[in-house]
Amino acid sequence: MSAETIDLLRQRLAVLNPESLTIHDDSQRHAGHAGAREGGHYQLQIVAQAFAGKSTIARHRLIYDAAGDLMRGKIHALSIHAKVPGEV
């Protein structure tokens, strides 16, 4: 299921035209956690010009909007590191 979720998330995030995108399934570290039964835990590192001039919260909103219904089912938790090209 996690590979399918990662592929779906990649497809959804394509609207942000990322220069780089890494998604890591971290679900195994949360086995037994109540939310782990309903959706996975993922770490996201994304670099996109779409984040230029936006606050961290605004960047996360763009990601959540792109992920859409995945955030209410297949994804229980998403750790986000969203940067603009050249940002450290």
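Please treat every number below as a calculation from the coordinates, not as lab data. Fair warning: this is a prediction, and the values are worked out from it, not measured in the lab. When we count neighbours, we look across all protein chains shown, and the Cβ atoms used for this are built from the backbone with ideal geometry, even at glycine.
Annotations for the structure displayed:
- Of all residues making up segment 34-88, the number that are part of a loop (DSSP other than H, G, I, E, B) and touching a residue at least 12 places away in the same chain (Cβ under 8 Å): 9
- For segment 37-65, a residue qualifies if it is out of contact with any helix residue (DSSP H, G or I) (no Cβ under 9 Å at 6 or more places or on another chain) and surrounded by 14 or more Cβ atoms within 10 Å (Cβ to Cβ), and the qualifying residues are 43, 45, 47, 60.
- Looking across segment 56-88, the residues that are under 26 Å from residue 28 (Cα atoms) and small (Gly, Ala, Ser) come down to 66, 67, 68, 73, 77, 79, 82.
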